[in-house]
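Since the structure comes first, as structure tokens, the remarks are kept for the end.
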Amino acid sequence: ENRILFTGLIVGALIAGALMFFFMQKRLAQKEVGLQRAYAIQYATLIDSVRQSGLVNLMSSLLEKVENELDQNPDRTLSDGTILQLTGLSDGFKPYAMLMESGLSESHLSPERGHLLVMLLGMEIDSGSLSKVLSRVTFAHADLKGVDLPGAQLAGANLAYANFKDAKLMSVNLAGANLRSTNLWGAQLQHAILSAADGTRADLSWADLREANLISIMLSGANLTSTDFTQANLSNATIHWAKLNSTFFNNANLNGADLLGSFLEKTQFVESNLNKANFVKTVITEANLSGALLDSASVQDECWLSRLNDFSVKGADEILKKYFVDIDTTNNQTKYLIKPL
């Protein structure tokens, strides 16, 4: 019996050892595959960087040509041929992951496109020619972190996925620009024009947009945490399912703004114009609606106003004294609208 027990223990130990050996071999193989993949990505990035270096030399020659052409034309215009060459050059500057101390960056950016844009903006190009450049040459994924471009004319530019983190963009014109998924974290955009721009899923958290023009802007899915929109004009803005936690809209114009499904935790609407705004499916807690105008604003149901106190909304008592929820059945559709008493 002892011999059988001893034999069983030996066999069990051998089986456990074999399983442990195969497990460690599998872990080592997975680690090896991961390392090979990382090396492959770094190698590809290095090759991409070498290729970009060749295009940078081409950019220097092309920018010199642009400068000469502008000097020869008293009206500072550019030919369509030169603009076409700029288009091809920018297309060649593909975004790539950056090699950092911690490894490769998660976002793919193009510092070369950022440099090209800054150089062009400093050449005093005729407004008509510049408009053509911005409409045809892509600056998507451009790395413009911390750039200083006050008053820059960027209307209609394609700046999707670009990095403007901590940039100084006071009074910049971004009307109609493509800002989809653009990083504008902490950017200074006081008095900027962003009317009709597409900022879907953009990151504007901690940005300063005081007194900015954002009429009819698209900000669905955007991160607007702690963004300052004091005295800004966001009339008819579309802000679906956005993060508006601790955002400042004090004295702002949000007449007709669509806030469908957005998160309004500790959002400040002091003395703001929210007439005809849409609050359907919004999550509003600890917000401040003191002195806000809410005439004809759309809400989820007829009990919306009465729940404001339950959600610790400041100014709730004042609102309940001034407004009630009216049921509108126009066109066979039931809507709940806030109306003055």
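Here is how the numbers come out for the structure above:
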{"read-out": "Highest average packing first - 327-336, 85-94, Cβ atoms within 10 Å", "value": "85-94, 327-336"}
{"read-out": "Region 134-250 - charge dipole about Cα centre, Lys and Arg +1 at Cβ, Asp and Glu -1, debye rounded to 20", "value": "200 debye"}
{"read-out": "Cα gyration tensor category, rounded, prolate or oblate, for region 78-226 with a/c compared to 1.5", "value": "oblate"}
{"read-out": "Net charge, E124 excluded, C-beta distance under 14 Å - Lys, Arg +1, Asp, Glu -1", "value": "-4"}
{"read-out": "Axial C-alpha extent at least 27 Å, average Kyte-Doolittle at least -0.5 - helices from the chain (DSSP)", "value": "2-72"}
{"read-out": "Volume in Å³ per residue [convex hull over Cα atoms, computed for region 140-238]", "value": "62 Å³"}
{"read-out": "Under 16 Å from K243, Cα to Cα: lysines that are on another chain or at least 8 residues apart", "value": "K266, K281"}
{"read-out": "The chain shape via C-alpha gyration tensor axes, a/c threshold 1.5", "value": "oblate"}
{"read-out": "Charge tally in the Cβ shell below 12 Å around D295, where Lys, Arg are +1 and Asp, Glu are -1, D295 excluded", "value": "+2"}
{"read-out": "Antiparallel DSSP beta bridges within the chain, percent to nearest 5", "value": "25 percent"}
{"read-out": "Total formal charge among the other residues, if their Cβ is under 11 angstrom from that of V147, Lys/Arg +1 and Asp/Glu -1", "value": "0"}
{"read-out": "Normalised contact order of region 105-148, rounded percent, pairs of Cα under 8 Å and 6 or more residues apart", "value": "68 percent"}
{"read-out": "For region 155-208, size of Cβ-based charge dipole, Lys and Arg +1, Asp and Glu -1, in debye", "value": "80 debye"}
{"read-out": "Solvent-accessible area, 1.4 Å probe, carbon plus sulfur percent, for the chain", "value": "54 percent"}
{"read-out": "Coil-residue chymotrypsin sites (Phe, Trp or Tyr not before Pro) of region 301-334, DSSP, other Cβ within 10 Å capped at 15", "value": "F311"}
{"read-out": "Solvent-accessible heavy-atom area per residue, rounded to whole Å², over the chain at 1.4 Å", "value": "52 Å²"}
{"read-out": "Size of charge dipole - the chain - debye, nearest 20, with Cβ of Lys, Arg +1 and Asp, Glu -1, no other charges", "value": "1060 debye"}
{"read-out": "Kirkwood Rh in Å, taken over all unlike Cα pairs in region 288-341", "value": "11.4 Å"}
{"read-out": "Distant alpha-carbon pairs in region 170-322 (separation over 18 angstrom), percent", "value": "50 percent"}
{"read-out": "P(r) tail fraction, region 232-319 - alpha-carbon pairs more than 20 Å apart, %", "value": "18 percent"}
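The values are calculated or read from the model by the stated rules, or taken from the named source; none is laboratory data. Keep in mind that what you see is a predicted model, and the values were worked out from it rather than measured. For neighbour counting, all protein chains shown are included, and Cβ atoms are generated from backbone atoms with ideal geometry for every residue, glycine included. Surface accessibility is based on the protein's heavy atoms, side chains included, excluding ligands, DNA and RNA. Shrake-Rupley method; radii C 1.70, N 1.55, O 1.52, S 1.80 Å.
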